[in-house]
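Okay, structure first, notes after.
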Amino acid sequence: MKATDFIVARNDLQQCKVIETHLPDAAALPDEALLVKVTRFAFTANNITYAVMGDVLKYWQLFPAPEGFGNVPVWGFGEVIASKHPGVATGETLFGYFPMSTHLVIEAADVTKRGLRDGAAHRQGVAPVYNAYARVSGDPAFTGKQGDYQALLRPLFMLSFLVDDFLAENEFYGAKRVMLSSASSKTAYGLAHLVHARGIKVIGLTSAGNSEFVKSLGCYDDVVTYDRVNSMAADLPVAYVDMAGNSSLREQLHRHFGEQMKYSGRVGLTHRSTAADEPELPGAKPSWFFAPDQIRKRAKEWGPGGVDMRFGAAWSGFVPRLDQWVKVSESHGPAAVQRAYLDTLNGRVPPDQGLILSLTE
């Protein structure tokens, strides 16, 4: 049996291709293994961050590819088409982390009514969330457009939720305003939605081309284009959440706000223009926000189900906005996947568009 994989060159993300790989027949699956057909997946700028950080954060090891290439992880849905696990039936729908492929073999472990994890040896050593699959057959929250929203935004909104929680826990480091770069990105406006609801002023930093979209969202108190950041008043304490990963912008903001820069957190790499050696900057020292650390901390403090319960409440307040904010675009086949990947990599996808893809024609 053959699978189709979309892979990218790890040292040059512009280089990509489609290959065929061999899959075991259903009868040849190991005990407790599942053969899953990847039915659809989301692709956003966040997936580009996975590729950029593939070596550092071990994303490349999750779905092995030929030497020098990587399979970019994506969030989406799969159908179990063969099962050697007595607790998992064929025809079930799983939601979780998949390769950009038509199929995946999962070594099912820790199977419960709600989910399972892939126990494959090469997938260990990463945050547990990346190996977990939810069993969502028949769940209306994971079907149709609601399912598309789950794939497109749920993982990003979890990051938004954790950054918001971290900032609130630290009383925003005394800041009266929070600035978000790449304000049109889904993670940024999810965070803006949450911070705004706390009564903290949120400033969206964006390109001139995206400024009207960012203003239309209604979750930013002010929208400033990158060429105007020095026009902002620098007399009050600020916190900066950097979704863009743009070294020159970070330096410009730190020098403009000086000691009023109370927090500078690096979350994303949408601009992919981070310098290897950055100078010492005035204000708070820039630091990476690592979501798994915050989720482990809160899981311990909030107890079983505590994170899920709080996240669920936040998600239910966010989803009603998405019909106005996101236009879902669905495409099928290797050529469509390649086009969507390159458009996202090169910043050609409009901010209001959500890409749902499948390698199957």
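The values are calculated or read from the model by the stated rules, or taken from the named source; none is laboratory data. Since we're looking at a predicted model, the values are computed, not measured. Here the Cβ is made from the backbone with ideal geometry for all residues, glycine too, and neighbour counts use every protein chain on show. Accessible surface areas use protein heavy atoms only, side chains included; no ligands, DNA or RNA. Shrake-Rupley method; radii C 1.70, N 1.55, O 1.52, S 1.80 Å.
Observations
- VAL195 passes every criterion in (1) modelled with pLDDT of 95 or more; (2) part of a helix (DSSP H, G or I); (3) more than 27 Å from ALA208 (Cα to Cα); (4) more than 17 Å from the chain's Cα centre (by Cα) apart from (3).
- Residues located in segment 29-60, provided they are closer than 24 Å to ARG10 by Cα and either modelled with pLDDT of 95 or more or acidic (Asp, Glu) (or both): VAL38, ARG40, PHE41, ALA42, PHE43, ASP55, TRP60
- Taken together, LEU159, LEU167 contain a single residue that is in contact (Cβ under 8 Å) with a residue 40 or more places away in the chain and in contact with a Ser or Thr (Cβ under 6 Å, 6 or more places away or on another chain), which is LEU159.
- Residue that is nearest to the chain's Cα centre (by Cα), among those in segment 159-179 that are among the aliphatic types (A, V, I, L, M) and open to solvent by 20 Å² or more (accessible area, probe 1.4 Å): LEU159
- Here the condition is being small (Gly, Ala, Ser), touching a residue at least 24 places away in the same chain (Cβ under 8 Å), open to solvent by less than 40 Å² (accessible area, probe 1.4 Å) and assigned to a strand (DSSP E or B); of ALA51, ALA82, ALA65, it holds for ALA82 alone.
- Strands (runs of 3 or more DSSP E) fully within segment 252-361 counting 3 or more residues that are more than 20 Å from MET179 (Cβ to Cβ) and modelled with pLDDT of 95 or more: 327-332, 353-358
- Selection within segment 306-316 - open to solvent by less than 50 Å² (accessible area, probe 1.4 Å) and either among the acidic types (Asp, Glu) or free of Cβ contacts under 8 Å to residues at least 60 places away in the same chain (or both): GLY306, VAL307, GLY312
- Among (1) buried (at least 17 other Cβ atoms within 10 Å of the Cβ); (2) modelled with pLDDT of 95 or more, the one test that ASP227 misses: (1)
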